[in-house]
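Note sheet for the following structure.
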Amino acid sequence: MLYIVVCAAGATRLVPSRFLPMATERGWDVHVLTTAQAIGTFPEVIEQIESVTGRPVRADFHTTVGYSLPDPDAVVVAPASYNTVTKLALGIADTYVLTRLTEQIGRGIPIVIGPYINEKFAKHPTYEPTLERLRSWGLKIVIGPDEPHQSGGGAAETFPWAELLDAIEPTAN
Ligand SMILES: Cc1cc2nc3c(=O)[nH]c(=O)nc-3n(C[C@H](O)[C@H](O)[C@H](O)COP(=O)(O)O)c2cc1C
């Protein structure tokens with residue numbers, strides 16, 4: 001089982017058409033988790049994801065569909081927002097997604113992160129140390145060819161969906 005965690009970052013728009021078919025093709029049983037911000041920012045995309053997977057997108061522990069999802073074999077956080085990667089590296093667990101990810105780091109579950117972050121966020125002094133910290137904990141970070149990207153550009157087109165899945169391939173079932 002594979003979790004994909006989506007954030008309120010522009011490349012989330014391409015999850016239904018690019019990432020989900022690719023992950024399914026590679027044999028993954030995919031469950032999608034989302035931040036509350038992503039639901040608020042891209043509600044139509046969350047609906048598309050549910051229609052592609054035939055499953056609810058998870059945004060909280062129990063209330064969505066009445067039972068808790070078991071831990072997966074691996075997790076892809078993509079697109080990962082500046083906000084979510086920064087809080088994860090600080091050990092903050094104040095949302096459903098951050099709570100699951102924080103526990104999964106503690107359990108040693110493989111996690112691959114694909115940031116989709118504009119150059120202004122990336123220039124913040126905390127950004128590079130954040131990535132280094134996550135790498136030092138064993139998380140893999142896959143940076144696309146146009147990352148960090150220019151705001152308003154077409155960087156989502158080159159977002160590294162296949163490379164993110166390659167990074168977890170050894171654990172595919
Ligand atoms: C339309 C829109 C697009 C955004 N795109 C991005 C983005 O590509 N990357 C990013 O890091 N933040 C982006 N943001 C800002 C984040 O949504 C914001 O920091 C938010 O708090 C992230 O919440 P989350 O990490 O819980 O999803 C965007 C905001 C909006 C309104």
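The values are calculated or read from the model by the stated rules, or taken from the named source; none is laboratory data. Quick caveat, the model's predicted, so the values are computed rather than measured. Every residue, glycine among them, receives a Cβ derived from its backbone with ideal geometry; neighbour counts consider all protein chains shown.
For region 18-57, enumerate the residues that are part of a loop (DSSP other than H, G, I, E, B) and within 16 Å of the ligand (Cβ to nearest atom). Spell out how you get there, then give the answer.
Initial filter on region 18-57 (part of a loop (DSSP other than H, G, I, E, B)): 26-29, 35, 42, 54-57.
THR35, PHE42, VAL57 - these are the residues of region 18-57 that are part of a loop (DSSP other than H, G, I, E, B) and within 16 Å of the ligand (Cβ to nearest atom).
Mind checking whether some residue in region 92-101 is in contact (Cβ under 8 Å) with a residue 40 or more places away in the chain and among the acidic types (Asp, Glu)? Before you say what the answer is, go through the steps one by one.
Here is the first cut: in region 92-101, the residues in contact (Cβ under 8 Å) with a residue 40 or more places away in the chain are 95-97, 100-101.
Keeping just the survivors that are among the acidic types (Asp, Glu) gives none.
No: region 92-101 contains no residue that is in contact (Cβ under 8 Å) with a residue 40 or more places away in the chain and among the acidic types (Asp, Glu).
Filter region 19-37 down to the residues that are closer than 17 Å to GLU163 by Cβ and among the charged types (D, E, K, R), then identify the one that is surrounded by the most Cβ atoms within 10 Å (Cβ to Cβ).
Residue satisfying both the conditions and the ranking: ARG26.
Any chance you could count how many residues in region 97-120 are more than 10 Å from the ligand (Cβ to nearest atom) and surrounded by 14 or more Cβ atoms within 10 Å (Cβ to Cβ)?
Within region 97-120, residues that are more than 10 Å from the ligand (Cβ to nearest atom) and surrounded by 14 or more Cβ atoms within 10 Å (Cβ to Cβ) number 12.
Taking the conditions exactly as written (at negative phi, in a strand (DSSP E or B) and not small (Gly, Ala, Ser)), does VAL15 satisfy them or not? Please lay out each step first, then the result.
On the way: at negative phi: yes; in a strand (DSSP E or B): no; not small (Gly, Ala, Ser): yes.
The answer is no for VAL15.
Tell me which helices (runs of 4 or more DSSP H) are completely within region 90-151 and hold 1 or more residues being within 16 Å of the chain's Cα centre (by Cα) and not hydroxyl-bearing (Ser, Thr, Tyr), or say none if there are none. Don't jump to the end; show me each part of the working.
Working: elements: 96-107, 119-122, 127-136.
The qualifying helices (runs of 4 or more DSSP H) are 96-107, 127-136.
Out of the residues in region 144-166 meeting the condition of being without any contact (Cβ under 8 Å) to a residue 60 or more places away in the chain, of a type outside the set (Asp, Glu) and crowded, with 16+ Cβ neighbours inside 10 Å, tell me which one is nearest to PRO21 (Cα to Cα).
Per the criteria, the residue is PRO160.
Given the condition modelled with pLDDT of 95 or more, closer than 20 Å to PRO110 by Cα, β-branched (Val, Ile, Thr) and buried (at least 16 other Cβ atoms within 10 Å of the Cβ), answer yes or no: does some residue in region 52-61 qualify?
For region 52-61, residues modelled with pLDDT of 95 or more, closer than 20 Å to PRO110 by Cα, β-branched (Val, Ile, Thr) and buried (at least 16 other Cβ atoms within 10 Å of the Cβ): absent.
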